[in-house]
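A quick write-up on the structure given underneath.
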There are 2 protein chains.
Amino acid sequence: MRPKLVLFGDSITEEAFGDGGWGAALAHHFSRTADVVLRGYSGYNTRWALRVVERAMDGVCVEGKSPMAVTVFFGANDASLADRSSGFQHVPLPEYQNNLRAICSFLKHLWPSTVVILITPPPIDEDGRLRYPFGDNPSGLPERTNVSAGAYAKACIAVANESGIPVIDIWSKMQQFPNWEKIFLRDGLHLTAGGNRVLFEEVVERLRNAGLSLETLPADLPLFYDIDPNDPLKSFSN
Amino acid sequence: MRPKLVLFGDSITEEAFGDGGWGAALAHHFSRTADVVLRGYSGYNTRWALRVVERAMDGVCVEGKSPMAVTVFFGANDASLADRSSGFQHVPLPEYQNNLRAICSFLKHLWPSTVVILITPPPIDEDGRLRYPFGDNPSGLPERTNVSAGAYAKACIAVANESGIPVIDIWSKMQQFPNWEKIFLRDGLHLTAGGNRVLFEEVVERLRNAGLSLETLPADLPLFYDIDPNDPLKSFSN
């Protein structure tokens, strides 16, 4: 029975199987090794995610089995500014941290052996947000800012560190590259194929650090190049 | 609990989550609706697939639940010519049909309510096979021909028709387009992004014909645009 990697998050997770998406890339990477289970919920913040995490994980695993890992990727919506056009998605920073703690606790209680990986919100390109707003935004002010996203990223890292949970600081990672605003972000918030690639590589690295890689996980059923052309059925005798 | 769509097949299934892949496109299409489970085994013919189908499906579904659908996509390897460089993958036509029947019977016995969809082998571009051979092929003759693939496609359709199983005749479908050899096939056998798109659309149509579509399947948890911005938690009260 293949191990599972569950992706729990907001729209950046929900769209992870679009063209060049980080979820599809993970499923391709682990195509003979693990199942990637998509649990992305567009628009959700941690307040809503905490309400639904139990239902979202229902039936993900056969009784008695735990997923090998779960990514928890929220904060981009929590970090929406309270007094701007997406204010109803805003969650105050202390509550964001408590919600993340509660989500991770829930997962660790449900599946003690599962590797939980936190992912910070991505950086924000405010120019991109103004060019590609959600619905009406006549204010001329972006509903998200990079400073706010950075504060939530730091808060996410703090929760990870206090709990000994691996974390991907995608907010900082992306900003190490010149022109990150345009090469990694499609609309100032969601990822381009390049942005997806960066995230994919970070997830693969964190999984590897936890002992979960193509080298350590068994392939499901005999691989073609291990099958003897002179006696193929030998590989299927068990 | 989300319904599942299982993709069972050879390398064209195993690589279905690569860039532009038909499996990734299905997972994206059903991102809030269904889980797509990858069970692709590169190089396998129906003789080997029949030996492993029980193990391949082990643990796919939680006890008592059936997947909504399974695609069964073999034949490209069976149709390798017996006396050429991939001869050890060849399966004679009558055995191919019997193996397909046995695989479908197994699935229908295991999961009586599941929609099984057969997919014929794709057409073959012999020029492409000579340009991109597997390993050594000094003969100058392609290990697969389009005529042979066509015979296996017709045999697959016959099995589907005798059992009342929906079938995707991707061999014929692709050849309706000019320059199908290059626009749909990467190496004379495996699919380009365009070929993946054709297959994706065919699978979506067959699922729709069986009553399985975004219109009929419930979304998992409240959709963002259904959440009241003035009272978001109302959507999460149950």
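So which residues in the range A:5-29 are open to solvent by less than 20 Å² (accessible area, probe 1.4 Å) and over 21 Å from B:A193 (Cβ atoms), if there are any at all?
The answer is A:L5, A:V6, A:L7, A:F8, A:G9, A:D10, A:S11, A:I12, A:T13.
Quick one: would you say B:S213 is within 28 Å of B:R32 (Cα to Cα) and surrounded by 15 or more Cβ atoms within 10 Å (Cβ to Cβ)?
It is true that B:S213 is within 28 Å of B:R32 (Cα to Cα) and surrounded by 15 or more Cβ atoms within 10 Å (Cβ to Cβ).
For the subset of the range B:120-144 comprising residues that are of a type in the set (G, A, S) and in a loop (DSSP other than H, G, I, E, B), which member is modelled with the lowest pLDDT?
By that ranking, first place goes to B:G135.
Yes/no per residue for (1) at pLDDT 95 or above; (2) surrounded by fewer than 17 Cβ atoms within 10 Å (Cβ to Cβ):
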| site | (1), (2) |
| --- | --- |
| B:F74 | yes, no |
| B:A79 | yes, no |
| B:S86 | no, no |
| B:V91 | yes, no |
| B:P94 | yes, yes |
| B:I103 | yes, no |
| B:L118 | yes, no |
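For the range A:215-238, which positions are of a type in the set (A, V, I, L, M, F, W, C) and within 14 Å of chain B (Cβ to nearest Cβ)?
Of everything in the range A:215-238, those that are of a type in the set (A, V, I, L, M, F, W, C) and within 14 Å of chain B (Cβ to nearest Cβ) turn out to be A:A219, A:L221, A:L223, A:F224, A:I227, A:L233, A:F236.
Please give the number of the condition B:V147 fails out of (1) among the aliphatic types (A, V, I, L, M); (2) loosely packed, with under 14 Cβ neighbours inside 10 Å; (3) touching a helix residue (DSSP H, G or I) at 6+ places or on another chain (Cβ under 7 Å).
(3)
Within the range B:216-227, count every residue that is open to solvent by 40 Å² or more (accessible area, probe 1.4 Å) and either among the hydroxyl-bearing types (S, T, Y) or out of contact with any Lys or Arg (no Cβ under 6 Å at 6 or more places or on another chain) (or both).
5
Residue by residue through the range B:54-65, note down the ones that are more than 21 Å from A:D228 (Cβ to Cβ) and either crowded, with 22+ Cβ neighbours inside 10 Å or modelled with pLDDT of 95 or more (or both).
Selection gives B:E54, B:M57, B:V60.
Every residue in the range B:145-165 that is assigned to a loop (DSSP other than H, G, I, E, B) and more than 14 Å from B:S105 (Cα to Cα), please.
B:T145
A:G195: under 13 Å from the mean Cα position of the chain (by Cα), buried (at least 16 other Cβ atoms within 10 Å of the Cβ) and under 22 Å from A:R144 (Cα atoms), yes or no?
Yes: the conditions hold for A:G195.
I need every pair where a residue in the range A:8-29 that is on the phi > 0 side of the Ramachandran plot has its Cβ under 7 Å from the Cβ of a residue that is open to solvent by 10 Å² or more (accessible area, probe 1.4 Å), sequence separation at least 6 or different chains.
Short answer, once both residue conditions are applied: A:G20/A:A193; A:G20/A:N196; A:G20/B:D19.
Give me a count of the residues in the range B:191-238 that are out of contact with any helix residue (DSSP H, G or I) (no Cβ under 8 Å at 6 or more places or on another chain) and within 16 Å of B:F177 (Cβ to Cβ).
Within the range B:191-238, residues that are out of contact with any helix residue (DSSP H, G or I) (no Cβ under 8 Å at 6 or more places or on another chain) and within 16 Å of B:F177 (Cβ to Cβ) number 2.
Between a first residue in the range A:216-238 that is closer than 10 Å to B:F88 by Cβ and a second residue that is basic (K, R), which pairs have beta carbons less than 6 Å apart while being 6 or more apart in sequence or on different chains?
Hits for this filter: A:D228/A:K234.
Inspect the range B:132-147 for any residue being touching a residue at least 40 places away in the same chain (Cβ under 8 Å) and within 18 Å of the chain's Cα centre (by Cα) and give the result as yes or no.
Checking the range B:132-147: not a single residue is touching a residue at least 40 places away in the same chain (Cβ under 8 Å) and within 18 Å of the chain's Cα centre (by Cα).
If you scan the range B:81-107, which residues turn out to be in a helix (DSSP H, G or I) and at the interface with another protein chain (Cβ under 10 Å from one of its Cβ atoms)?
Passing the criteria: B:G87, B:F88, B:Q89.
Give all pairs with beta carbons closer than 6 Å in which a residue from the range B:149-164 that is within 29 Å of B:S113 (Cβ to Cβ) and in contact (Cβ under 8 Å) with a residue 60 or more places away in the chain meets a residue that is open to solvent by 10 Å² or more (accessible area, probe 1.4 Å) and of a type outside the set (V, I, T); count only pairs at least 6 apart in sequence or on separate chains.
So the pair list comes out as B:A153/B:W171; B:A155/B:L93; B:A155/B:Q97; B:V159/B:Q97; B:V159/B:R101.
Restricting attention to helices (runs of 4 or more DSSP H) lying wholly within the range B:166-234, give those where 2 or more residues are touching a strand residue (DSSP E or B) at 6+ places or on another chain (Cβ under 7 Å).
B:193-209
The values are calculated or read from the model by the stated rules, or taken from the named source; none is laboratory data. From a predicted model like this one, the values you see are computed outputs, not experimental measurements. Neighbour counts run over all protein chains shown; Cβ positions are idealised from the backbone, glycine included. Heavy atoms of the whole protein, side chains included, go into the accessibility calculation; ligands, DNA and RNA do not. Shrake-Rupley method; radii C 1.70, N 1.55, O 1.52, S 1.80 Å.
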